[in-house]
1. Counting each DSSP H run of 4 or more residues in the protein assembly as shown as -39500 (n - 2.57), what helix-only mean residue ellipticity at 222 nm follows after dividing by all residues, to the nearest 500 deg cm²/dmol?
2. Could you give the distance between the Cα centres of the range B:1-33 and the range A:596-631, to the whole Å?
3. Could you please state, rounded to a whole Å, how far the C-alpha centre of the range A:1-29 is from the C-alpha centre of the range A:452-483?
4. For residue A:244, project a label point 7 Å along Cα to C-beta. Then give me every residue of the range A:293-311 with its amide nitrogen under 15 Å of that point.
5. Nearest 5 percent is fine: what portion of the DSSP beta bridges confined to the range A:123-246 is antiparallel?
6. Semi-axes, largest first, in whole Å: what does sqrt of 5 times each Cα gyration tensor eigenvalue give for chain A?
7. Under the definition of partner shielding as Cβ atoms of other protein chains within 10 Å of a residue Cβ, what is the mean value for peptide A:102-114?
8. Quote to one decimal, in nm, the extra length available between residue A:88 and residue A:364 on full extension: 0.36 nm per residue of separation minus the C-alpha distance between them.
């Protein structure tokens, strides 16, 4: 005989404002098998949990239904409370009265009725729950960090410094990411390279870090603590062991007119190249798309000049297979290019540039060696316009969110321009100035008050070229939307920060969720900002949403702390909600007939064959068997099974049918 | 059908639609209270006999919803569910089960508003179709089970 306890939570007023909690508890108390029911203001609080624990001990409850928030929120809390009171944690279920009822319906009888129904179906389910024991699995104490920008670098260093092995992969020839492209950083105006490059070197020299640049993730299989990663190391066409990074090849390469990715197309590079002077590793790669040898079949000059004979034209991509226990995703973001904006000339005016291109112009190691010169004719612009929210916060462009970093870097750009071009005039067109952060607002005030940057609150409607000038049409909304026209020499668009191309495919490879803008989704917006919905995979930096350097670094350290926590144990406990094939006494052994349809359904290759032999060793029956280490508990096999021999613990046939029956049969 | 309140059962996966419906709540988007959600680990787990069971027990409409194609937490469960749904739908048509009463959809964990829309749409359309008396007529009501509780 079941003794079920029902615990209805008010969640302050979140539930009780629309649901009559006392009535729910009272009605539930009358159901068969329910021996205790109560409502309380905060079930998740300490006294709330004590009510549950005491009831389990005093009333000898065999099952618990907590009717409160989403089980995605507090299921672990209540299962733990049950376990502490001596009840098997899997004998506890939650009815979702908050997210699925009180928050989405008006206050009326129908809402309370729905709450009662939700409780009833879980009472019926929990009657059929079975005590389960958590599964223990070993942990591989190596982390895979994907992306070598500042977030990936920070995460790798933090994990490595906590004593664990790290494999860091970066798709470009060097680590450093967008931060290495920046000239100065707000709000301190310290040079980006100066603070970043020592960290890059530290990564390369750290005994716990294996660095694969020019490498991408091919596939990831497995589960928390036990992933199997395949990494494609793209061919660099050089023997890295022999290469000394002398730079002879890059100086002699005749193919010198390739737009440099690092300089955002404002400078050029050779076909065999090191992306920038401080690159880590400081060894070149051959870009096979542009190299004359690969396109036309001859040249091989680099091979001739290389003093250590390190060039390998026939080198092939290498697949590295490795086992890792956790993954940190730090793949960063990208910015919209100027051709995304028809109103600003579709990118056909070379003097309209992106913020990231301006960084390269302002950088001492950039194509103009730090002088602000316009790309078209190299003249120093006397009037410059900065356009905030180019694409961001623009529903019509499909980017309704704020890109977060632009307000700050525009103030920095305008400030750098004023410092570098004395007497120059700069204008910033903005919607709002969002300068939330330590010393951020002060920084913007400095740009306006000390450096004399003209801030105009309004939008730009159009930019076109006339007599070598860029005519910027806008409005000043603080002066009654008075039209403003500026004849500028150069325009910088703070283009929206967006997810990387291919972010969606990567997310699908890793089975992590992503939002409608293809940024990776965190497990909980407030309380699990660095976790994903897939256990063992964590997020760091701007791949989750646009963010600045301090936030990316903080997030990376957060993710690293999670990984270190995971690696602090030798064994992991996993939810036992997995599939099992029934077993019966000989000579039946199981109702499974051995059709193995389940094998074709299982995405994890978790179903094996088990043979039963008679005394003479003859195989008399072959049936399916689930490997509990591999099974993830999706239950696809359950729906496939024609003899209903396979069932999934926690979602058994009996439980699901009784839920449906309890839902619609009025008691 | 002025006073008719349809009973809608929703079979949803834990990772996308259940989370999406949670987001509807977190976003305080209101929708019709006729729906009762049953949580599954994955749409791939949903045995379509459960849909018939729900009709037999008195449901007027059913929603089956999981992750968008390619977004399945378990790689491919939603594809299996979709393929099975196509088969099941023809079977229903053959048997004379009103497939207008079953809504198969994808709602991701980020689509709180879409979930509310789907529920409201199906409630409105079932309200128009009326109670599913036809099915109830052919199904013998089982003798009320004595709870084994």
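Where a number appears in this text, it was derived from the coordinates with a stated rule and is not lab data. Bear in mind that the values here come from a model prediction, so they are computed numbers and not experimental data. Every residue, glycine among them, receives a Cβ derived from its backbone with ideal geometry; neighbour counts consider all protein chains shown.
1. On the way: 22 runs with 240 residues, N = 816.
Rounded to the nearest 500, it is -9000 deg cm²/dmol.
2. Taking the Cα centre of the range A:596-631 as reference, the centre of the range B:1-33 is 39 Å away.
3. 60 Å
4. Residues passing the 15 Å test: A:305-311.
5. On the way: 10 of 20 bridges.
Given both bridge residues lie in the range A:123-246, the antiparallel proportion sits at roughly 50 percent.
6. Values: eigenvalues 615, 258, 83 Å².
Whole-Å semi-axes of the equivalent ellipsoid: 55, 36, 20.
7. Values: counts 1, 8, 16, 7, 2, 0, 1, 1, 4, 1, 1, 2, 5.
Going residue by residue through A:102-114 and averaging, the value is 4.
8. 92.9 nm
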